[in-house]
Amino acid sequence: MSLSTLAHPVVGDRLLTEQEAASMLGLKPATLRTWRSTGRAGQPRWCKIGRACRYRLSDVQAYIADLSDGSEVAA
């Protein structure tokens with residue numbers, strides 16, 4: 001696998017802003033910021049691009065799928 005392959009997300013797997021990810025999860029952006037700063041286990045994967053934090057759409061969807069056991073997101 002080449003370095004250029006690793007640097008690009010899967011085609012169609014767009015990066016979400018913090019606000020978009022929070023909206024999909026039914027959370028406030030501040031909740032995601034708190035989870036990142038405290039290192040909360042079980043949060044959606046995220047990446048830092050410059051000063052911006054971004055969430056891959058597929059990671060947010062996987063996080064939602066993992067909640068399918070009926071548990072609720074703890075804010």
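The values are calculated or read from the model by the stated rules, or taken from the named source; none is laboratory data. Quantities reported herein were computed from a predicted structural model and do not represent experimental measurements. Because the Cβ atoms are built from the backbone with ideal geometry, glycine has one as well, and the counts that use them run over all protein chains shown.
Number of residues in the stretch 15-31 that are in contact with a strand residue (DSSP E or B) (Cβ under 8 Å, 6 or more places away or on another chain) and either among the basic types (Lys, Arg) or without any contact (Cβ under 8 Å) to a residue 40 or more places away in the chain (or both): the value is 4. For the stretch 30-58, a residue qualifies if it is of a type in the set (D, E, K, R) and assigned to a loop (DSSP other than H, G, I, E, B), and the qualifying residues are Arg40, Arg45, Arg51. Quick check on the stretch 48-55. Is at least one of its residues of a type outside the set (A, V, I, L, M), modelled with pLDDT of 95 or more and touching a strand residue (DSSP E or B) at 6+ places or on another chain (Cβ under 6 Å)? Among the residues of the stretch 48-55, at least one is of a type outside the set (A, V, I, L, M), modelled with pLDDT of 95 or more and touching a strand residue (DSSP E or B) at 6+ places or on another chain (Cβ under 6 Å), which makes the answer yes. Yes or no: the stretch 35-43 includes at least one residue that is of a type in the set (Val, Ile, Thr), over 19 Å from Leu67 (Cβ atoms), modelled with pLDDT of 90 or more and surrounded by fewer than 13 Cβ atoms within 10 Å (Cβ to Cβ). Yes - at least one qualifying residue is present in the stretch 35-43.
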